[in-house]
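The values are calculated or read from the model by the stated rules, or taken from the named source; none is laboratory data. Owing to the predicted nature of the structure, the values given are computational and were not obtained by experimental measurement. No Cβ is skipped: glycine too gets one built from the backbone with ideal geometry, and neighbour counts run over all protein chains shown. Ligands, DNA and RNA are stripped out before the accessible areas are found, and what is left, the full protein with its side chains, is counted by its heavy atoms. Shrake-Rupley method; radii C 1.70, N 1.55, O 1.52, S 1.80 Å.
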Amino acid sequence: QEKVQQSPESLIVPEGAMSSLNCTFSNSASQSIWWYQQHPGKGPEALISIFSNGNKKEGRLTVYLNRASLHVSLHIRDSQPSDSAVYLCAVSPSSNTNKVVFGTGTRLQVLP
Amino acid sequence: EAAVTQSPRSKVAVTGGKVTLSCHQTNNHDYMYWYRQDTGHGLRLIHYSYVADSTEKGDIPDGYKASRPSQENFSLILELASLSQTAVYFCASRNRVGQAPLFGEGTRLSVL
């Protein structure tokens, strides 16, 4: 069974700082990997995806994937108070690509 | 615009009672999912389906049944609700493997 773990559980940064979130998964052959953002009382929304080793940049977001170390990270440049939310890492296991497995989440708080 | 609609948005149920949570999508998506969210556990997969009239067990199926009578509709059924099933439940859909699931706004269930 695919395991997805996220760290830290909680992160507090000042406005304008870089926020760095981590996610580890249990199978290097895992297929699609996504990061989601979830505001209180709302459903998760997909932010960015990555499939191949390396990095991907979209606006203030950068994702790094290293399959050999089973690690993916999300970096938010110039963090804003509106970025305060729970961030979820999601993985589609290679053993069953019909499933999508989520991590426990990182709660990000950006202080003005 | 693609959307996933859940009903009801909140529900209070009695222990031992039957609860049905409904999910509807008009996105023409084949895949539908039910997750529960608890503090400290992230999103855990209960049941999913990739074709009408067929459902699959997720990672925590015990105590839950699912029904997919049509491509658009996916229900989660708690035959004998228990206190431990108090949680927020999310439905999601996607068109194909490799696409990020699209989530509904969630149903907050309290079992008393």
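Is it fair to say A:ALA46 is open to solvent by less than 70 Å² (accessible area, probe 1.4 Å), assigned to a loop (DSSP other than H, G, I, E, B) and either within 14 Å of chain B (Cβ to nearest Cβ) or at pLDDT 95 or above (or both)?
Spelling it out, it is not the case that A:ALA46 is open to solvent by less than 70 Å² (accessible area, probe 1.4 Å), assigned to a loop (DSSP other than H, G, I, E, B) and either within 14 Å of chain B (Cβ to nearest Cβ) or at pLDDT 95 or above (or both).
Anything in region A:28-43 that is closer than 22 Å to B:TYR33 by Cα and either open to solvent by less than 80 Å² (accessible area, probe 1.4 Å) or touching an Asp or Glu at 6+ places or on another chain (Cβ under 9 Å) (or both)? List them, or say none. Walk me through it before giving the result.
Of region A:28-43, the ones closer than 22 Å to B:TYR33 by Cα are A:30-43.
If the condition is that a residue be closer than 22 Å to B:TYR33 by Cα and either open to solvent by less than 80 Å² (accessible area, probe 1.4 Å) or touching an Asp or Glu at 6+ places or on another chain (Cβ under 9 Å) (or both), then A:SER30, A:SER32, A:ILE33, A:TRP34, A:TRP35, A:TYR36, A:GLN37, A:GLN38, A:HIS39, A:GLY41, A:LYS42, A:GLY43 are the ones that fit.
Please find, within region A:72-97, the residue that is nearest to the other protein chains (Cβ to nearest Cβ) out of those that are modelled with pLDDT under 95 and open to solvent by 30 Å² or more (accessible area, probe 1.4 Å).
Checking each candidate, the answer is A:THR97.
Of all residues being surrounded by 16 or more Cβ atoms within 10 Å (Cβ to Cβ) and either at positive phi or charged (D, E, K, R) (or both) in region B:27-55, which is nearest to the other protein chains (Cβ to nearest Cβ)? Just the residue, please.
For region B:27-55, the residue satisfying everything is B:GLY42.
Mind checking which residues of region A:98-112 are charged (D, E, K, R) and open to solvent by less than 40 Å² (accessible area, probe 1.4 Å)? Outline the logic, then answer.
Applying the first criterion (charged (D, E, K, R)) to region A:98-112 yields A:99, A:107.
Correct list: A:LYS99 only.
Output yes when any residue across region B:12-25 is within 14 Å of chain A (Cβ to nearest Cβ), closer than 24 Å to A:ARG107 by Cα and not charged (D, E, K, R), and no when none is.
no
Just the residues that are of a type in the set (A, V, I, L, M, F, W, C) and over 19 Å from A:LYS99 (Cα atoms), please, taken from region B:21-79. Walk me through how you get there before you give the answer.
Kept after step one, since they are of a type in the set (A, V, I, L, M, F, W, C), are these residues of region B:21-79: B:21, B:23, B:32, B:34, B:43, B:45-46, B:51-52, B:60, B:66, B:74, B:76-78.
The answer is B:LEU21, B:ILE77, B:LEU78.
Based on this model, can you work out whether A:VAL86 counts as part of a strand (DSSP E or B), farther than 14 Å from B:LEU43 by Cα and not acidic (Asp, Glu)?
Working: part of a strand (DSSP E or B): yes; farther than 14 Å from B:LEU43 by Cα: no; not acidic (Asp, Glu): yes.
So A:VAL86 does not fit the description; no.
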